[in-house]
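For reference, the structure discussed in these notes is given below.
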Amino acid sequence: MNNRALAAEAFGAFMLVASILGSAFYSFGAPAGPAGIIGVAFSIGITVAVTIYAIGHISGGHYNPAVTLGLVAAGRFEIGKAIPYIIAQVIGGLAAAGVFSLIGHTSATFAANGYGELSMLKATLPQVFIIETVLTAFFLVVIVGVTRASGPGLLAPLAIGLALTAIHLMSIPISNTSVNPVRSFAPAVFAGGEALSQVWLFWVAPILGGVIGGLFAKWMLDDK
């Protein structure tokens, strides 16, 4: 296993979680006015796009267990490398949450994902499960499609970032948007309580969606 690839995955996951927590904690309470959902959505989309441009060539720019396993399902990534990648991603996400816990001024829920009282719209468990599964599948179709041999090349990271921005615009009010188990796990560890008890959903639904999306994209884009 390439240690630089694992470091790139840890760094990418760190920046992904940092983009969510920083924008969620501070842009909503900015003196000049809140950036709100749009600010959070563009924060993560831009961060993921530029990080893929910068270091994606080292590891493939997954930063997300659901993406790693979805790419395995699509035949784009070796299953034997998946566990080390996921461990690196978890370490990076926890490190980012730890940094923001030191900075402080965080919300009581630490921007955790969830249903019921942890959802802006008080969405139910089935509603959150469905949207997380569907949008993660969509994300994998985009990733597999734009990174194909005949794909848009240098525009691929931009397309991936914009897809993630759209996903957040669609689902922040429902689940606070995960589509990434690390994004959910890291804040839940620091929030504890209800957030930690619900975090299983944000491992199961995104990974299920990632595998579905990877398989569908493999079938639809085979030989394209």
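Quick one: what pairs do we get from region 198-213, first residue within 15 Å of residue 184 (Cα to Cα), second of a type in the set (Lys, Arg), C-beta under 7 Å, 6+ apart or different chains?
none
What helices (runs of 4 or more DSSP H), lying completely within region 142-224, carry at least 3 residues that are buried (at least 21 other Cβ atoms within 10 Å of the Cβ) and modelled with pLDDT of 95 or more?
The helices (runs of 4 or more DSSP H) meeting that bar are 156-175, 181-191, 201-221.
Quick one: in region 114-136, of everything that is of a type in the set (Val, Ile, Thr) and in a helix (DSSP H, G or I), which residue is surrounded by the fewest Cβ atoms within 10 Å (Cβ to Cβ)?
This residue is 130.
If you check every pair at least six apart or on different chains, which have Cβ atoms under 8 Å apart with a residue in region 153-180 that is on the phi < 0 side of the Ramachandran plot first and a residue that is among the acidic types (Asp, Glu) and assigned to a helix (DSSP H, G or I) second?
Every condition considered, the pairs that remain are 171/132; 175/132; 178/132.
Please verify whether region 57-78 includes one or more residues that are in a helix (DSSP H, G or I), more than 24 Å from residue 209 (Cβ to Cβ) and in contact with a helix residue (DSSP H, G or I) (Cβ under 7 Å, 6 or more places away or on another chain). Break it down into steps so the answer makes sense when it comes.
So the first thing to find is which residues in region 57-78 are in a helix (DSSP H, G or I), and the list is 57-59, 65-73.
Filter once more, keeping what is more than 24 Å from residue 209 (Cβ to Cβ): 57-58.
From what's left, in contact with a helix residue (DSSP H, G or I) (Cβ under 7 Å, 6 or more places away or on another chain): 58.
Yes, because at least one residue in region 57-78 is in a helix (DSSP H, G or I), more than 24 Å from residue 209 (Cβ to Cβ) and in contact with a helix residue (DSSP H, G or I) (Cβ under 7 Å, 6 or more places away or on another chain).
Considering only region 47-103, state which residues are closer than 19 Å to residue 156 by Cα, surrounded by fewer than 18 Cβ atoms within 10 Å (Cβ to Cβ) and β-branched (Val, Ile, Thr).
50, 58
Among the numbered conditions (1) β-branched (Val, Ile, Thr); (2) closer than 25 Å to residue 171 by Cβ; (3) at pLDDT 95 or above; (4) surrounded by 14 or more Cβ atoms within 10 Å (Cβ to Cβ), tell me where residue 106 comes up short.
Failing condition for residue 106: (3).
Between a first residue in region 96-111 that is closer than 20 Å to residue 193 by Cβ and a second residue that is part of a loop (DSSP other than H, G, I, E, B), which pairs have beta carbons less than 7 Å apart while being 6 or more apart in sequence or on different chains?
100/106; 111/176
The values are calculated or read from the model by the stated rules, or taken from the named source; none is laboratory data. The shown structure was predicted, so the numbers you read here are calculated from the model rather than taken from an experiment. Cβ atoms come from the backbone with ideal geometry, glycine included; neighbour counts cover every protein chain shown.
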